[in-house]
Structure formats: structure tokens, C-alpha cells
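K.L.:
This is the structure, below, for whatever I ask next.
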């Protein structure tokens, strides 16, 4: 992404506009702009947006990035020249170029790569676990293979005799500080803003992945501050924008790095290489470094193994995982991150729009009310219908709330004319079967042979067996002039899981209560939170105190005591 900006202001396109800048100057100016933007984002606390980086997004993103790193190392493993591609689909272009050049692969490089990979895998799978029982200091196998590879390249003249690719000349010394172009700064702000967001998201994703692995937490604001200060400072020392390196992070983690001390030691070693030791590594084969990187990717690539289990447990989460992965692999890393965020937000909105909504029954001998569909032991309360909505009620899902309630309680059919009810009678509206979802038998559509002995309830496009003796029909028989009356006289709305409501949904809730009251059904609310009660008060709710109860059990107890004349319904209500 930085290279794109560099080409725009230092390449042939910039020459046509008459303003050509030095490529290094453009890169350092982008670094300065990225640092400024990240510090501004930190100061206005926009790091809170990092909450959209769900665990599934992070896993899909890092797995896709691991595929990028893996394929980028394949040319070095095979001794091929690494082709450079950019833009969407660059990974597919790289794969095609590698396939075309397979016939020219270097045999010596393949042998060295295979030998290095085998040594590293044997160490990680056999030696490392046994050594961990004796000491917490890991064996520096990666450093050893680098030293042996360099020594072998020198003694065997691998570059001259077998044409093995080596690192080549390593410049020593530190660059002189240089000022970025303040004139160019406003022109690169837009591109730098995208780079700032992508590099921060990639770094935070890598940090969260390692935090989950080792059981600690990551402060998103601190990460933004650290990256912003780092870019702002390094812009004066000829540095490109910083970002998390997937391969290097995994190598440090695999070699036992746990604290900031590993970063300090790494920086000191790099400083020593830059000042004095650089020429010693000029003969290091590139395939050895690529082998170290490829082996370190095992942990990320192994996340693919858990995808089938994730699909069985949550298809929505699996959609975020696979969608992010495919976008990263098939398009690009930046586009994949954007797709992952959009999928996460889409799944979140979908879940907020369709929370669980079900009828409840009482467990015998207890005061607990559970789903009639999920629990076989649950029994419906005579003359009382208990409905529970399992999420916040707002303008996005209020229509779903009303449709679901009307469907489960039979209000939709009660509103129809006799002719319309005859047309829709084949749907056999009734309450869900009193059986667990696992124990309920999934059947073919209702046939004429079994319609006399069994009823069927259509729930979410499925037909569930509901024996007559095990159900409480919601809809009564047709009365005079084709009218239909609901078979329950009380409707209890369990609001205990409704964390809040807005004005739109509150007015719709009150309208729904009014619809049932017009059909002769008494309505009451149970378990309302303070936020829900405050909103009802703000909307001038006509509900009386005797219609508000702390729990469903209080509401049901009050209903029966008032009907039998043994008590006053207001004894159990909420006083405000």
C-alpha cells in the first residue's frame, strides 16, 4: 500500500504532472502521516471501534494472512525468482506464476529447504516438548539452522556451484536522520488514513491472537498509541509505516518470547548486524529463512481444522470466518479485513433482529418457566399463555416481535375472516410440541391419513409432531357468525431478557397489548428492567400497576388467586 503511493508521486505518472519526489522521501512522508492519523484516532477514542474485530474475524484474517505468507515463501523454497504482483487477486497471480516456473526450480534449494523443514518439525514435535519438562529456556533451533546454513553456503560455495539464492550484500551503518516532506503531507493523507487503519487492525488482530493463546488481555488504545508514536518517531529515520509481521511474531512466540525483553534483545541483535555483522550473513541461503517462516505458520494454518466444528456449532460465526478467509486470499489483505468487518456487523445486526422468541411452560413442582419447544417436561399453564422475548426490543426487531407473538399465540388467524381461515387451515396453527428439539420427530407434510389422529405445528418452516393429548390448543373452535376466540384469557409477556426498549418499540408493544385486550385477553408484563419501566413511563403507558409483576411466577400466582377469590392481584404487582 505504501508502494502504491510511492509510485504515484515518484514514478512516470508523477513526471507528467511536473512534481516528482524521491521515493524514500514519499515513503517517510507516508509514515509521518500514518503516525499523526493514529495519534488523532487515539485522542478521540476511536479505538473503541476495535470491538468489531471478533474472534472469528481475527482467526479468519490471520489464517488468510498465513496463506499469503506461505505462498510468498514458495519461490524462495524452490529457488525461483519471486515475481512481484499488487492489487486485488495478487495471490492468484503469484500462484499461476509459480506453477509456470516449476520446471526451472533449483534442485539444491529444494533439498536445503526440505532438510531445514524436517529438522525444524522434528525439533518442534519431539525435542521441544521433552526439553520443556527440564527447562523453560527453549533450544534456539532457528538460530542454529541459520548459522549452519550460512556456514554451509560459505564452505560449499552454494551460490557459485549450485546457483542457490543467497541474501547478498548487506549494507552496514545507520542512516542519517532526514525530514519528511511537509509540502507533500496533505496530498498523502487520504491514502495514509487507509494504511493507518489497516496496519492497526492487522497489528491488533495479531496481538489478540497471541493474547488468547497465552491468556492475557490487550488494550486497544495502548496499541494505537504505541503504533502512532512509533510511526511518528521512525518517519525521521527513513522508515516505512510499521505493521505487525505475522511470520516474525510467530517465530518469536515459538522461540519462547513472552515479554518486552524479547523485543529489546531482537533490536540489539539487529543493531549489531547493521553495524558490524551484516557481511557475515550475505551468504545465507534465502531458502533457509523461508523454511523457518513456513514452519512457524503451522499454528495459524491449523485453525482450518476447527472449521467443521465451528460450522456445526454456529453457521453465522462460520460465515464470518470463511468469508474473511476467502476475501483475504482471493482479493487482498486490506479488502479481506473490510469484508470481515462488514460480515461481523451483518451477523450482529441479524442476531439483534431475531432473538429467541418462544412460549414458556412451567416445570412440574417448581416455579421455573422454560421453553415449551425445548423442554419435554415443561407443561403449559391453563388459561395462561406465557411469551418470552430473548433480547433488546427496538425499532429493528419490533416487527419480528409482533409477528412472532401473533404466530405463536394464534392472533394472526383470529384476525382473519372465516373465508381466509379456511384457506389457511391447512397450516394447523397450534403451540410448539412439548418436547425437546432433539426428541421431536421431523415429518413430511401432513397427509389425509394421519390428520384425524395427530396435529402438526409449523415452526420455522419445519413440521413437528404434536400429539393431541400433549398439547394445549391456542385457538378455540369457531363460534357464532364464524368468530374465533383465543383459548387463553391471560397473556403474560416475560420481559426479563429485554435489556432496553426505544420509543418506537414501546408504542408497538402497547399497541399489541391493546390488540389482545380487544379480543378479551388480559395482558400483563413480568420482569421488566428499570430501563423498560422508564421508557413505558416516558411513553405514557396506560398499563396499570396490577399489570406489572417482578417475575412470571408472581404474575401467574396473582392470576389464579384473583380468579379463585383467594387474594388480590395487586399483592404481587410492581409499585412505581
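K.L.:
Over the range 38-141, what lengths in whole Å, largest first, do the semi-axes of the equivalent ellipsoid take, defined as the square roots of 5 times the eigenvalues of the alpha-carbon gyration tensor?
P.N.:
Working: eigenvalues 219, 159, 26 Å².
So the equivalent ellipsoid measures 33, 28, 11 Å along its semi-axes.
K.L.:
Moving to a separate point now. What distance in nm separates the two pseudo spin-label positions at residue 45 and residue 143, each 7 Å out from Cα along the beta-carbon direction?
P.N.:
My value for the distance between the label points is 4.5 nm.
K.L.:
Sort 358-371, 196-209 for me by packing, meaning the mean count of neighbouring Cβ atoms within 10 Å per residue, highest on top.
P.N.:
Numbers: 358-371: 16.4, 196-209: 22.2.
Those peptides, ordered most packed to least, come out 196-209, 358-371.
K.L.:
Label residue 376 and residue 363 with points 7 Å out from Cα along Cα→Cβ: what is the distance between them in nm?
P.N.:
Here the modelled spin labels are 1.6 nm apart.
K.L.:
Run the numbers for residue 211 and residue 270: contour at 0.36 nm per residue of separation, minus the present Cα-Cα distance, in nm.
P.N.:
Working: separation 59, 0.36 × 59 = 21.24 nm, distance 2.56 nm.
The residue 211-residue 270 span can extend by a further 18.7 nm.
K.L.:
A follow-up question, please. Which FRET efficiency, nearest 0.05, do residue 280 and residue 312 yield, Cβ-Cβ r, R0 51 Å?
P.N.:
0.45
K.L.:
Let's test the formula: R0 of 25 Å, r as the Cβ-Cβ distance of residue 154 and residue 126. What FRET efficiency results, to the nearest 0.05? Can you show the working numbers first?
P.N.:
Details: r = 30 Å, r/R0 = 1.18.
Efficiency, rounded to the nearest 0.05: 0.25.
K.L.:
Report the gain in length on full extension from residue 97 to residue 161: 0.36 nm times residue separation, minus Cα-Cα distance, nm rounded to one decimal. Please report the intermediate quantities before stating the final value.
P.N.:
Details: separation 64, 0.36 × 64 = 23.04 nm, distance 2.61 nm.
Working it through step by step, the gained length comes to 20.4 nm.
K.L.:
In nanometres, what is the gap between the two model label sites at residue 136 and residue 22, each 7 Å from Cα along Cα-to-Cβ?
P.N.:
4.8 nm
K.L.:
Please compute the length gained on full extension between residue 179 and residue 233, using 0.36 nm multiplied by the number of residues separating them and subtracting their Cα-Cα distance.
P.N.:
On the way: separation 54, 0.36 × 54 = 19.44 nm, distance 1.09 nm.
Extra length from residue 179 to residue 233 when fully extended: 18.3 nm.
K.L.:
Once you have all Cα-Cα distances for the range 242-294, histogram them in 5 Å bins from zero and send the whole-percent values.
P.N.:
Computed distribution, short to long bins: 4, 16, 19, 26, 25, 9, 0.
K.L.:
Now, a different point. For the range 25-351, compute Rg over Rh where Rg is the Cα radius of gyration and Rh is the Kirkwood radius from the inverse mean 1/r over Cα pairs. It would help to have the intermediate numbers written out before the result.
P.N.:
Details: Rg = 21.0 Å, Rh = 21.7 Å.
Answer for the range 25-351: 0.97.
K.L.:
Return the FRET efficiency for the residue pair residue 395, residue 330: r is the Cβ-Cβ distance, R0 is 41 Å, and the value is rounded to the nearest 0.05. Mind dumping the intermediate values first?
P.N.:
Details: r = 36 Å, r/R0 = 0.88.
My answer for the efficiency is 0.70.
Quick note: the coordinates plus some simple rules give every number you see, no bench work behind them. Keep in mind the model is a prediction, meaning the values are calculated, not measured. Cβ atoms come from the backbone with ideal geometry, glycine included; neighbour counts cover every protein chain shown.
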